[in-house]
1. Considering (1) of a type outside the set (Val, Ile, Thr); (2) part of a loop (DSSP other than H, G, I, E, B); (3) under 28 Å from VAL166 (Cα atoms); (4) open to solvent by less than 20 Å² (accessible area, probe 1.4 Å), say which one ALA66 fails and leave the rest.
2. Between a first residue in the range 12-23 that is closer than 16 Å to TYR34 by Cα and a second residue that is of a type outside the set (Gly, Ala, Ser) and in a loop (DSSP other than H, G, I, E, B), which pairs have beta carbons less than 7 Å apart while being 6 or more apart in sequence or on different chains?
3. Which of the residues spanning the range 132-146 are crowded, with 17+ Cβ neighbours inside 10 Å and either part of a strand (DSSP E or B) or modelled with pLDDT under 55 (or both)?
4. Looking at this structure, is ASP225 open to solvent by 70 Å² or more (accessible area, probe 1.4 Å), outside the structural domain of LEU43 (by the TED database), modelled with pLDDT of 95 or more and of a type in the set (Asp, Glu)?
5. Look at GLY40 and say whether it is on the phi > 0 side of the Ramachandran plot and either among the aromatic types (Phe, Trp, Tyr) or touching a helix residue (DSSP H, G or I) at 6+ places or on another chain (Cβ under 8 Å) (or both).
6. From THR158, THR127, which residue is modelled with pLDDT under 95, part of a loop (DSSP other than H, G, I, E, B) and β-branched (Val, Ile, Thr)?
7. Please determine, by comparing only the residues of the range 87-109 that are polar (S, T, N, Q) and more than 20 Å from ARG144 (Cα to Cα), which one is least open to solvent (accessible area, probe 1.4 Å).
Amino acid sequence: MSEHNYKYTDESLDLGAARDYVLLLQIDAASFSYIIAHNGQLLAWAENCPLAELTNPQELSEILTAEYKQVIAGVNDTGFTLVPKSLYDGEYAANIARLLNVSAENSVYAQDFDGNNVIVYKTQIGTPDASGLAALHEQLTVHRAKGWVSAVANNYPTSTDIFLNVENSVVEVLNFNYNRLRYFNSFTYKNHEELGYFVALVASELKLKPADITLVFSGDINAADMSFSYLTDFFGHVKLNTIQTLDLPEAIVPHKILSLAALSLCASSEEN
């Protein structure tokens, strides 16, 4: 769990009007973050909240039990596989899930991921409804990276762009070719050197020369961080992601909040 715990609340937030709001949740292995949004505007944000709040809300009771227009929960996976939609058959989803070594403690989801692929993934994290937040209405559960992938795809990525989202010592890696998903994976790393190793491994697998690559970071990172500066020595260009999916106050930089805010893109695109 990250040592950071950023929080923002807009003075216009009125939970009495929550039926007009959307609640975005990103649930990881040891914590969760949330956004409250209305008409594309960020009203509240908090990160690295205790998971216990999802099962027994205390400090966040007012936030988590309000009656929202929609709740979108992005959940962390403990194993996944991507299947081209042209080859996917829902009748065989259980057979695909067996490749993930699913146990009785796992929940398994099969969902559209990027328009061309279905993601089949398992998680040990229960959804908020399953954890006792029955007041959350019209809940939609998606893979935590789905919104981020959509946001990147909508902004004309090139084949030499490698997108990285780093949070809680996990990096998600994304690459497109002619606007079609070419690569997606995630790695757990301990330091900037391990992060560099995994990025170099992906570059090699994609047959891209480091000097030709642009690394685009989002998540818990800044230009002054060791991970950022270390990678500038090996790759052609390293920068922070400037994509915005919500209107943000000046105090919040887009890359920090992108993965969570981008869940807003799932509101009308996902079918359960």
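The values are calculated or read from the model by the stated rules, or taken from the named source; none is laboratory data. A quick note: this is a predicted structure, and the numbers were derived from the prediction, not measured. Positions of Cβ are backbone-derived with ideal geometry, glycine not excepted, and every protein chain shown enters the neighbour counts. Areas reflect the complete protein model, heavy atoms only, side chains present, ligands, DNA and RNA absent. Shrake-Rupley method; radii C 1.70, N 1.55, O 1.52, S 1.80 Å.
1. Among (1) of a type outside the set (Val, Ile, Thr); (2) part of a loop (DSSP other than H, G, I, E, B); (3) under 28 Å from VAL166 (Cα atoms); (4) open to solvent by less than 20 Å² (accessible area, probe 1.4 Å), ALA66 violates only (3).
2. Correct list of pairs: ALA18/GLU67; ALA18/TYR68; TYR21/TYR68; TYR21/LYS69; VAL22/TYR68; VAL22/LYS69; LEU23/TYR68.
3. Keep residues of the range 132-146 that are crowded, with 17+ Cβ neighbours inside 10 Å, which gives 133, 136, 139-146.
Hits for the range 132-146 are LEU133, LEU136, GLN139, LEU140, THR141, VAL142, HIS143.
4. No; evaluated as a whole, the condition is false for this residue.
5. Values: on the phi > 0 side of the Ramachandran plot: yes; either among the aromatic types (Phe, Trp, Tyr) or touching a helix residue (DSSP H, G or I) at 6+ places or on another chain (Cβ under 8 Å) (or both): yes.
Here the answer is yes, as GLY40 does meet what is asked.
6. THR127
7. Among those that are polar (S, T, N, Q) and more than 20 Å from ARG144 (Cα to Cα), it is SER103.
To keep it simple, each residue is scored yes or no on (1) within 20 Å of the chain's Cα centre (by Cα); (2) surrounded by 22 or more Cβ atoms within 10 Å (Cβ to Cβ).
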site: GLU11; (1), (2): no, no
site: SER31; (1), (2): yes, no
site: ALA37; (1), (2): yes, yes
site: LEU51; (1), (2): yes, no
site: THR78; (1), (2): yes, no
